[in-house]
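**Q** One structure follows; several queries about it will come next.
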Amino acid sequence: MVGGPLLRVALVLGGMMSGFGMFNALVMSYSRLPLAMAQDGMLPRVFAKLNRRRAPWVAILACAVGWACCLGLGFERLVTIDILLYGTSLGLEFLALIYLRVREPELPRPFRVPGGMFGAVAVGIAPMLLLGFSVFRSQTEQVLGMSSFAFGMILITAGIVAYGLNVALKPTGWAPTQDKPVVQA
């Protein structure tokens, strides 16, 4: 055996460090979503609080609570839900690309998908087919006694409802923070 037990231990340690590093990067990037939403007035201002090192500590804690609630779901279910939610987000991005290509064809952009409307549509076909295939293959996955697809659709619908409520409550609801980058804890 090449490397023996020492190589096995080194690979496990390397994998653990890699997993920790990737999770740390995701914590820091995903916690910026509630921060940005709070700065735009879509979440309460408390999510925009930063510590002295400018980390959004309230948003990090809120995300940690959400992640802790997902611990019991199991890896396969989490992957299924992640694919559905990320795929829906990606689909919205492709729709926005097509929408902007129709409504604002001459809008200056730092990058432009070549091929006109055909290119804009073609670039989204393969990812959407892959999303459809993954949703089809995960029909038997269950989350909280319902299919993973139904659970993901409930989450998506809840997001749409929350956005609608935010828009409806905006005049009397949360106001955007005045100074976006600096809200100290």
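Readers should treat all values here as calculations from the given coordinates under stated rules, not as data from a laboratory. Since the model is a prediction, treat every value here as computed from it, not as a measurement. In this analysis, Cβ positions are derived from the backbone assuming ideal geometry, glycine residues included, and neighbour counts consider all displayed protein chains.
**Q** Which residue, Ala10, Ala38, Gly21, has the largest displacement toward the positive end of the dipole of the stretch 1-61 when charges sit on each Cβ (Lys, Arg +1; Asp, Glu -1)?
**A** Ala38
**Q** Is the stretch 11-72 rounded, prolate or oblate when judged by the Cα gyration tensor, a ≥ b ≥ c being the square roots of its eigenvalues, rounded requiring a/c under 1.5 and prolate requiring a/b larger than b/c?
**A** Cα axes put the stretch 11-72 in the prolate bin.
**Q** Would you mind giving the average projected area, over all directions, of the Cα convex hull of the stretch 73-170 in nm² with one decimal?
**A** Projected over every direction and averaged, the Cα hull of the stretch 73-170 covers 8.6 nm².
**Q** Anything in the chain that counts as a DSSP H helix reaching 20 Å or more along its axis (C-alpha) with Kyte-Doolittle mean of at least -0.5? List them, would you?
**A** 4-30, 75-103, 116-137, 148-169
**Q** Could I ask something else about it? Let me spell out the model: positive unit charges on the Cβ of Lys and Arg, negative unit charges on the Cβ of Asp and Glu, origin at the Cα centre of the chain. What dipole size does that give, in debye rounded to 20?
**A** It works out to roughly 520 debye.
**Q** To continue, here is another question. Rank-order 138-147, 68-77 by packing density, defined as the average count of other C-beta atoms within 10 Å over each peptide's residues, highest first.
**A** In decreasing order of mean packing, 138-147, 68-77 become 138-147, 68-77.
**Q** Ranked highest first by average number of other Cβ atoms within 10 Å, how do 125-137, 37-49, 80-92 line up?
**A** Ranking the peptides 125-137, 37-49, 80-92 by packing returns 37-49, 80-92, 125-137.
**Q** Tell me, in nm to one decimal, what length is gained between Leu97 and Met117 on full extension, where the rule is 0.36 nm per residue of separation less the Cα-Cα distance?
**A** Full extension of this stretch gives 6.3 nm more.
**Q** Whose amide H sits under 5 Å from the amide H of Leu50, counting only residues 5 or more places off or on another chain, with H placed in the peptide plane?
**A** Sorted by chain and number, the residues that satisfy this are Val183, Gln184, Ala185.
**Q** I need the Kirkwood Rh of the chain: take the reciprocal of the average 1/r across all distinct C-alpha pairs and report it in angstrom.
**A** 20.0
**Q** Please report the net charge: other residues with Cβ closer than 9 Å to the Cβ of Pro56, K and R +1, D and E -1.
**A** +3
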